[in-house]
Each structure stands twice: as structure tokens, then as C-alpha cells.
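Asks: Before we start, here is the structure in question, set down as C-alpha cells.
The values are calculated or read from the model by the stated rules, or taken from the named source; none is laboratory data. Only a predicted model underlies this, so the values are computations on that prediction, with no experimental measurement involved. Don't worry about glycine lacking a Cβ; one is built from the backbone with ideal geometry, like all the others, and counts go over all protein chains shown. Quick note on the areas: whole protein, heavy atoms, side chains included, nothing else; ligands and nucleic acids left out. Shrake-Rupley method; radii C 1.70, N 1.55, O 1.52, S 1.80 Å.
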2 protein chains.
Amino acid sequence: MSFAKKISTRALYIQVRDHLAQQIARGVLKPGTPLPSELELADQLGVSLGTLRKGLEALENERLITRRQGSGTYVRDHAADMRFTFDNLRTKDGAAIPFTVEFVSAGSGPASAEEQERLQLEAPEAVARCLQVRHHEGPFLLEQISLAASRFAGFDCTKLTNPYRIAVLAQEHGVLVGTASESAEIARASREVAARLEVDPETPLLRLDRIIYSLGRVPLEWRVGYCRMNAVKYVTTLRN
Amino acid sequence: MSFAKKISTRALYIQVRDHLAQQIARGVLKPGTPLPSELELADQLGVSLGTLRKGLEALENERLITRRQGSGTYVRDHAADMRFTFDNLRTKDGAAIPFTVEFVSAGSGPASAEEQERLQLEAPEAVARCLQVRHHEGPFLLEQISLAASRFAGFDCTKLTNPYRIAVLAQEHGVLVGTASESAEIARASREVAARLEVDPETPLLRLDRIIYSLGRVPLEWRVGYCRMNAVKYVTTLRN
DNA sequence: GCGAATTTGTGCGTATGTATT
DNA sequence: TAATACATACGCACAAATTCG
């Protein structure tokens, strides 16, 4: 395998990055396992060590691999690593919330107009939906989720009978998760939401609206959550 | 000037980065102006081109410089660039809020116990305080600000008679701004806050609590804001 | 516990491509 | 068009951390 001969306008180290990212997505390189050594890889791919290393750097920034001096370069296991969850909610003292998830209901069908718009679907493709409640000393977060099923190769909507984690789902279906964008507003609890969260109607809640994108900026999941904030806060880090 | 001879355990490119960062902080390299070319700089500093470039890469990631192929490497002007504001509030349709600031009052004095704790001051050092209201079709955000004056070399608390921007202040006093961390909760408007924001008491508001740190992770500013969310939302991007 | 082998990190030098001025 | 600046790519040597016999 050699890139150098290919006619491509893209920089060689970008091609290296893309190639390895694809290998990871396809499961050729499995989570938790080491890549060949840099010298080996550079040789296999027919590029210089420096070029390979620049590609690996990019993959490291994208959280696809970790490198340990003296040990090796490893495919990151997003499924096992509990940090890959896009969850900004914390307890009042800033600790992670040890919540449990109550799975309320699931379903699937063609995307609604709003789902189609938010998930940037070109047609009313299949969408898996799910309603769940997070508990921690009582219910605190109700979530309604829409998953762009068509973007997870071979995904069976009917199998969605339990809470899932996007990192696990992505890893199982050859999808690389990138970033997410979330907006928060204050909303009053509707009668139904109030019941689920065991609060009075009219209680002010934090309404969270989040879209998770793939590394290629394709929307994967749309989620709207209603959160009672009595024991919880929303925490972010700003990096300019 | 040569680093190579120095006895330092730190990597050479880190020393290059730190040296240039210091030059920028001190104003030797001025915002908006170009650095010497890479070849020149490498020569001046007595390091190889590759080492210099690795240092520049780090500075670019820290938003201290921008590099343009064919043109040059420039010191970023955080004061002129309106993006460096750590502001996650947007209009409902996601646009920047064209607000104006009403400066209510200012003061200064030794840090309170809470300020000392939040700003990680070792003693009750001088703190500049300021109360202001942001307007956009009426008042929407009341902010009470505590600035760690001792961390801005030669800062005169009494000069604080107008709204300031942290980027400007930092640039004027040789401070490099790094990241910020912010937490949001829902709080009811006190009588005083309600008056300032022209809402009914008991109106649910978003309470924002933010600390801005220097590049060296030293707290610079602590700010608590109360925001009415009728025309505004809080937006973040999550990167894992 | 030590040392050898392995692997990534750092540093140098050079040549060429590409965008800007 | 020519000069200049950053970007890409190659190759080599050694340092530092880890692993394993």
C-alpha cells in the first residue's frame, strides 16, 4: 500500500490520516489494540516517518488514537471510556452525576419535517426514537431522542429496546463521532413533563437541545432534554 | 539568543513557545504585527526550522498567533478581534446579540472570603468590582464582576469607570488569556435583580457563574450573571 | 532489580510545493 | 514575473519512556 503514487491533490499526511481513520471506523483496527510501530507503518504505507507522524498527530487530536512513549499507539475505545458522553450536567459541587436511566419507550419511522431539518436528511429517512428519564435521587432529566438510523450502517431500529450510548452505537456501526452543539433555554414544564420529573407544572426547567455530529460533520443524533435543576448544574469550558 | 546551550530539562520547542509567548505578553511583539520569517527566527533563536515550527504550532493552538502561507506569521490581536469574549449567549436564532452595556457601578477593595477562594488569591489582595447590565431590546443580563487586580501588572482600580473587555485589559497589562469555565443554574430573581432586569420578582433566570483563567491557569476574573431568557439562549460546542 | 530491545518524542538538515505580495 | 513566506515531505540521529526476559 502506497499513497505516494496516487494522484491526489490532498496532502499526503491527510491521506494517511483518512486512511487510518477509515481502518478504525471499519474495525480493521480494533479499539484498545495497538497500531503497528511508526517505523513499520511508515514503511507499509510508503511514506516517511515524519509524514506518518503528522497524520497520527491529527488522529490524536480527533481522539481516535492515543500514543504512549515507549509503549505504542493505540486505537481509543470510546465505548469503554465513559468520558465520551457529551454530558455537561454535574452535581452542585461539580462531580459527575451517578445516574440511572429509565427507558420509557422507543419507536421508529420516517423522519418528521423537524427531524429531517435538524438531522439534515435529504428525505424522510428512517429515524429511531426513544424516550428516557435519568434518575439520581429522583428523576431529573427527561430526554426525547431522534437517531438518524440511515447513518449507522446496518442499524436495526427494532433492536432499540434499551438506553444506548452514542459511542457504543457508533463503534458498532463504523461511525466516527466528532463534536456536538447544544443550546440551553428555560422552559416551563408541560403537564406531561412535570409528571415524568415529579415536579409541579409550571416549574422552570432547563431545556437542552443537542445535535451530535460525526467527524465529517454529519448529524447523527438530535436530543431534547428537560432538566430540573434543583440538585444539578450545567458546566462548560470555554476555549475561545 | 540561543536556547540550545541552556541547561533546561524542558523540550526545546517548548522553550521557544514560552519565549515567544513572553515576548507577546510583554508587548515586544505587538498585536497585529508580523513575526520575523521562520528562517530568520530559527536563526535568531539558534534552533532548527522544524523545532521553531513546532513551537509556532503550539502558539497557534493557544490562539496567540496566526500563520498565513505566503504572507507571514502574525501576533493575534485579541482586543480588536471581537470573538475573544467567552460569551455563549445568542439570540434565539443563533446570531450574536448586538447588545449595549449599561455601566452601573464600580468599586475596589480587599478580596472577600468568597472572592479569595474563587480567584485563588493567597491573601485578601486588591480586587476591582463592577456591576453592569447588558441591553438588547431591554435589559437581559445583569453581571457582577470581580477582577483580580493583582494579576494585571500596574492596574489601577480607580480607572475602572467603564465596561471593559478582558481581552483589552489583558493585552494592556501583559497577561495572556487562556480558557474559562462556566456553570449555569436556574435561579429566581431577587427583588434587586428583578428591578434591574425589569421582570417580575420570582421570574426564573439563568444564573451564570464564570471564571476566566490565564494561559498559565491563573484565575483572572470571576463573574456572576443573571440572565432573562425570553429572547436569548445559551449555546455551546462540545468537543469531548 | 537490571539491562536490552522496542516504541514514541525531540531535534537537525534539506529540498520542493504553494500561496501571497 | 520574481521574490518571499509558510506548508509539505524526506531522511537521519539520539533521547526518554516502557516492556520484558
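Asks: Kindly indicate whether residue A:168 is crowded, with 17+ Cβ neighbours inside 10 Å and aliphatic (A, V, I, L, M).
Replies: The answer is no for residue A:168.
Asks: Answer with yes or no whether residue B:53 is in contact with a helix residue (DSSP H, G or I) (Cβ under 8 Å, 6 or more places away or on another chain), open to solvent by 70 Å² or more (accessible area, probe 1.4 Å) and at pLDDT 95 or above.
Replies: Judged against the criteria, residue B:53 is a match.
Asks: Just the residues that are touching a Cys at 6+ places or on another chain (Cβ under 9 Å) and either facing chain A (nearest Cβ under 9 Å) or in contact (Cβ under 8 Å) with a residue 60 or more places away in the chain (or both), please, taken from the range B:147-177.
Replies: Across the range B:147-177, the qualifying residues are B:147, B:163.
Asks: Can you tell which of B:120, B:116, B:132 is open to solvent by less than 20 Å² (accessible area, probe 1.4 Å) and assigned by TED's automatic domain parsing to the domain that holds residue B:149?
Replies: B:132
Asks: If you go through the range B:4-16 one residue at a time, do you hit one that is within 14 Å of chain A (Cβ to nearest Cβ), open to solvent by less than 60 Å² (accessible area, probe 1.4 Å) and within 13 Å of DNA strand C (Cβ to nearest atom)?
Replies: yes
For every residue, the table says whether it meets (1) more than 22 Å from the chain's Cα centre (by Cα); (2) within 9 Å of chain B (Cβ to nearest Cβ); (3) outside any loop (DSSP other than H, G, I, E, B).
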site	(1), (2), (3)
A:195	yes, no, yes
A:201	yes, no, no
A:220	no, no, yes
A:229	yes, yes, no
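Asks: Among the residues of the range A:143-165, which ones are open to solvent by less than 10 Å² (accessible area, probe 1.4 Å) and over 13 Å from residue A:222 (Cα atoms)?
Replies: Within the range A:143-165, A:152 is the sole residue that qualifies.
Asks: Now, a different point. Scan the range A:21-42 residue by residue and report those that are open to solvent by less than 70 Å² (accessible area, probe 1.4 Å) and either away from DNA strand D (no atom under 14 Å from the Cβ) or within 14 Å of chain B (Cβ to nearest Cβ) (or both).
Replies: A:21, A:23, A:24, A:25, A:27, A:29, A:31, A:35, A:36, listed by residue number.
Asks: Taking the range B:43-65 on its own, how many of its residues are more than 10 Å from chain A (Cβ to nearest Cβ) and free of Cβ contacts under 8 Å to residues at least 12 places away in the same chain?
Replies: 4
Asks: Keeping to the range B:66-104, report how many residues are within 21 Å of residue B:169 (Cβ to Cβ), free of Cβ contacts under 8 Å to residues at least 40 places away in the same chain and surrounded by 15 or more Cβ atoms within 10 Å (Cβ to Cβ).
Replies: 1
Asks: Let me ask you something else. Can you tell me how many residues within the range B:178-202 are open to solvent by 10 Å² or more (accessible area, probe 1.4 Å), touching a residue at least 40 places away in the same chain (Cβ under 8 Å) and under 18 Å from residue A:229 (Cβ atoms)?
Replies: Residues in the range B:178-202 being open to solvent by 10 Å² or more (accessible area, probe 1.4 Å), touching a residue at least 40 places away in the same chain (Cβ under 8 Å) and under 18 Å from residue A:229 (Cβ atoms): 2 in total.
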